[in-house]
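Undergrad: Sending over a structure as structure tokens; questions will come in a sec.
The values are calculated or read from the model by the stated rules, or taken from the named source; none is laboratory data. Quantities reported herein were computed from a predicted structural model and do not represent experimental measurements. Using ideal geometry, Cβ is built from the backbone for each residue, glycine included, and neighbour counts are taken over all protein chains shown. Side chains included, ligands, DNA and RNA excluded: accessible areas come from the protein's heavy atoms. Shrake-Rupley method; radii C 1.70, N 1.55, O 1.52, S 1.80 Å.
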Amino acid sequence: MKTIAMMYVTLLPVIFAWVANKFFCKSDFLAWIDEPIDGGLKKSDGRRFLGPNKTWKGFWGMIALTAFFQIIWGLFLGIIPHFLSLSLVADYHNDIFFNLFFGFLLGSAYALCDLPNSFFKRRFNISAGQEGQGNARWVFLVLDYAVPFVGSIAVIALFSPMTFSYYVGYVLLAAVTVFAVNGLLQFIDMKRKRH
């Protein structure tokens with residue numbers, strides 16, 4: 001139980017940033033950077049490299065928001081030493097400079113690892129925002145939620161070495177958590193639209 005608590009305490013800024021970035025991308029704020037990363041370019045087969053949903057707004061938003069939430073979370077942990085002791089990076093200085101740097105790395109790794117999924121989806125002729133059909137749907141559903149965390153948790157592993165099984169379990173825990181949170185957000189949105 002303590003192991004799972006430590007995982008969450010360390011990764012929560014990324015999860016907070018993921019939620020906030022969903023709302024940020026839907027907003028009109030900074031609309032001028034809401035441009036596709038691939039610039040609309042297509043391969044010789046006529047398919048986009050990444051598609052319209054992978055934008056600079058979402059990419060930079062994830063990085064900036066993770067750094068922001070890491071700083072806020074660090075301040076919160078500084079108030080409650082018991083929680084701070086659960087962090088996998090508790091041995092480092094819990095100050096604004098470290099948290100800005102660490103948050104930047106976490107967000108950058110997440111944003112970069114999020115891109116290959118879109119590339120492979122386009123190769124399988126899966127439209128942007130779609131999950132595919134049959135077995136491909138489940139494969140890409142798992143990849144959508146798990147692969148971005150491969151990067152973020154690799155960053156954590158640089159600061160707090162972990163076994164391979166711990167690393168895989170951490171990625172799966174993060175993926176299941178975000179999947180559940182996304183389901184909750186969709187449920188709330190559906191209830192809101194009914195009223």
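Undergrad: Got at least one residue in region 108-123 being within 22 Å of PHE16 (Cα to Cα), surrounded by 19 or more Cβ atoms within 10 Å (Cβ to Cβ) and among the acidic types (Asp, Glu)?
TA: Checked region 108-123: at least one residue is within 22 Å of PHE16 (Cα to Cα), surrounded by 19 or more Cβ atoms within 10 Å (Cβ to Cβ) and among the acidic types (Asp, Glu).
Undergrad: Assuming ILE37 fulfils every condition listed in (1) modelled with pLDDT of 95 or more; (2) in contact with a Phe, Trp or Tyr (Cβ under 7 Å, 6 or more places away or on another chain); (3) over 26 Å from LEU184 (Cα atoms) apart from one, which condition is it?
TA: (1)
Undergrad: Check LEU11 against each of (1) touching a residue at least 60 places away in the same chain (Cβ under 8 Å); (2) in a loop (DSSP other than H, G, I, E, B) and name the one condition it does not meet.
TA: Among (1) touching a residue at least 60 places away in the same chain (Cβ under 8 Å); (2) in a loop (DSSP other than H, G, I, E, B), LEU11 violates only (2).
Undergrad: Is there any pair linking a residue in region 136-156 that is assigned to a helix (DSSP H, G or I) to one that is at pLDDT 90 or above and open to solvent by 60 Å² or more (accessible area, probe 1.4 Å), with Cβ under 7 Å and at least six apart or on different chains, and which?
TA: TYR145/PHE179; ALA146/LEU172; GLY151/LEU112
Undergrad: Answer yes if at least one residue in region 35-52 is open to solvent by 40 Å² or more (accessible area, probe 1.4 Å), in contact with a helix residue (DSSP H, G or I) (Cβ under 9 Å, 6 or more places away or on another chain), of a type outside the set (Asp, Glu) and part of a helix (DSSP H, G or I), and no otherwise.
TA: No, every residue in region 35-52 fails to be open to solvent by 40 Å² or more (accessible area, probe 1.4 Å), in contact with a helix residue (DSSP H, G or I) (Cβ under 9 Å, 6 or more places away or on another chain), of a type outside the set (Asp, Glu) and part of a helix (DSSP H, G or I).
Undergrad: Are any residues in region 55-85 open to solvent by 40 Å² or more (accessible area, probe 1.4 Å) and not in a helix (DSSP H, G or I), and if so, which ones?
TA: Matches in region 55-85: ILE80 only.
Undergrad: What's the total number of residues in region 86-107 that are open to solvent by 40 Å² or more (accessible area, probe 1.4 Å) and either at pLDDT 95 or above or part of a helix (DSSP H, G or I) (or both)?
TA: 6
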